[in-house]
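Trainee: Encoded as structure tokens, here's the structure I'll be asking about.
The values are calculated or read from the model by the stated rules, or taken from the named source; none is laboratory data. Note that the structure is a prediction, hence the values are computed from the model and not measured. Cβ atoms come from the backbone with ideal geometry, glycine included; neighbour counts cover every protein chain shown. To get the accessible areas, we keep the full protein, side chains included, count just its heavy atoms, and leave off ligands, DNA and RNA. Shrake-Rupley method; radii C 1.70, N 1.55, O 1.52, S 1.80 Å.
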Amino acid sequence: MQVNPVLTGCERVFDVDEVIVSKTDLKGKITYANRTFAKLAGVSPKDAVGKPHNFIRHPDMPRSVFKLLWETVSGGDEIFAYVINRSLNGDHYWVLAHVTPSYGKNGQIVGYHSNRRATDRPVIDEHIIPLYAELTAIESTAISPKEGLKAGYEKLMSVFSGSLSEYNKYILSLGGA
């Protein structure tokens, strides 16, 4: 399964009553994907299982937001984030993700669970796209990918006073959750 490297510029949308659900192991490999996930990603639920979740990563999605997401859930906290994903054919779709750790019987994190809902287009256009464009520009103009990620993350945290709760508050204040 290979994602089309050519972006089509076509946006896929889904109904506000639909929910994308996926679960991953600790390394981000998909252990479950529902039909809505499959429909938007352009893959069967069965074929999604075992794949790294980032196979649907869109190049316009700032790496710094994913850094915040992974640090948050691996630390045992939940996070809300707007995400642009890429379908296998090169289309894209926006989601409002709610990602939480999943715990085993011993109380240890055993994986992650994500529910994603449709977004409000004006929120994406007015708030998220400008922020993500700034972050990806910072990330891409640094002297190395590592430095770019660091600089993008620092910018992201400066916008939210270095606080996950401020970040989540902001995302939720935009509506759609």
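Trainee: Within the range 79-90, how many residues turn out to be under 17 Å from ALA48 (Cα atoms) and either open to solvent by 10 Å² or more (accessible area, probe 1.4 Å) or not in a loop (DSSP other than H, G, I, E, B) (or both)?
Mentor: 4
Trainee: Of the residues LEU26, LEU40, only one is open to solvent by 30 Å² or more (accessible area, probe 1.4 Å) and either within 18 Å of the chain's Cα centre (by Cα) or free of Cβ contacts under 8 Å to residues at least 24 places away in the same chain (or both); which?
Mentor: LEU26
Trainee: Still on this structure, I have one more. Could you check the range 43-78 and list, in sequence order, the residues that are more than 18 Å from ALA137 (Cα to Cα) and either buried (at least 19 other Cβ atoms within 10 Å of the Cβ) or of a type in the set (A, V, I, L, M, F, W, C) (or both)?
Mentor: Result: VAL43, ALA48, VAL49, HIS53, PHE55, ILE56, LEU69, TRP70, THR72, VAL73.
Trainee: Further question on the same structure: Among what's in the range 155-170 and is assigned to a loop (DSSP other than H, G, I, E, B) and surrounded by fewer than 16 Cβ atoms within 10 Å (Cβ to Cβ), pick the residue that is modelled with the lowest pLDDT.
Mentor: Checked the range 155-170; the qualifying residue modelled with the lowest pLDDT is GLY162.
Trainee: Only residues that are part of a helix (DSSP H, G or I) and open to solvent by 70 Å² or more (accessible area, probe 1.4 Å): list them for the range 134-154, please.
Mentor: GLU134, SER140, THR141, PRO145, LYS146, GLU147, LYS150, GLU154
Trainee: Would you mind telling me which numbered condition in (1) open to solvent by 40 Å² or more (accessible area, probe 1.4 Å); (2) in contact with a strand residue (DSSP E or B) (Cβ under 8 Å, 6 or more places away or on another chain); (3) touching a residue at least 60 places away in the same chain (Cβ under 8 Å); (4) not in a loop (DSSP other than H, G, I, E, B) VAL95 fails?
Mentor: The single condition VAL95 does not satisfy is (1).
Trainee: Given (1) of a type outside the set (Asp, Glu); (2) within 30 Å of GLU166 (Cα to Cα); (3) in contact with a strand residue (DSSP E or B) (Cβ under 9 Å, 6 or more places away or on another chain); (4) modelled with pLDDT of 95 or more, where does THR72 come up short, assuming only one miss?
Mentor: All conditions pass for THR72, except number (4).
Trainee: While we're looking at this one, here's another question. Restricting to the range 109-133, name every residue that is among the β-branched types (Val, Ile, Thr), assigned to a helix (DSSP H, G or I) and either open to solvent by 20 Å² or more (accessible area, probe 1.4 Å) or over 14 Å from LEU96 (Cα atoms) (or both).
Mentor: ILE129
Trainee: Please work out which residue is modelled with the lowest pLDDT, limiting yourself to the range 1-23 and to residues that are within 16 Å of PRO59 (Cβ to Cβ) and exposed (fewer than 11 other Cβ atoms within 10 Å of the Cβ).
Mentor: Checking each candidate, the answer is GLN2.
Trainee: How about the range 7-52: which of its residues are of a type outside the set (A, V, I, L, M) and in a helix (DSSP H, G or I)?
Mentor: ARG35, THR36, PHE37, LYS39, PRO45, LYS46, ASP47
Trainee: Cβ contacts < 8 Å: first residue more than 14 Å from ILE171 (Cα to Cα), restricted to the range 125-146; second residue among the acidic types (Asp, Glu) and open to solvent by 50 Å² or more (accessible area, probe 1.4 Å), any location; separation 6+ or different chain. Result?
Mentor: ALA133/ASP60; THR136/ASP60
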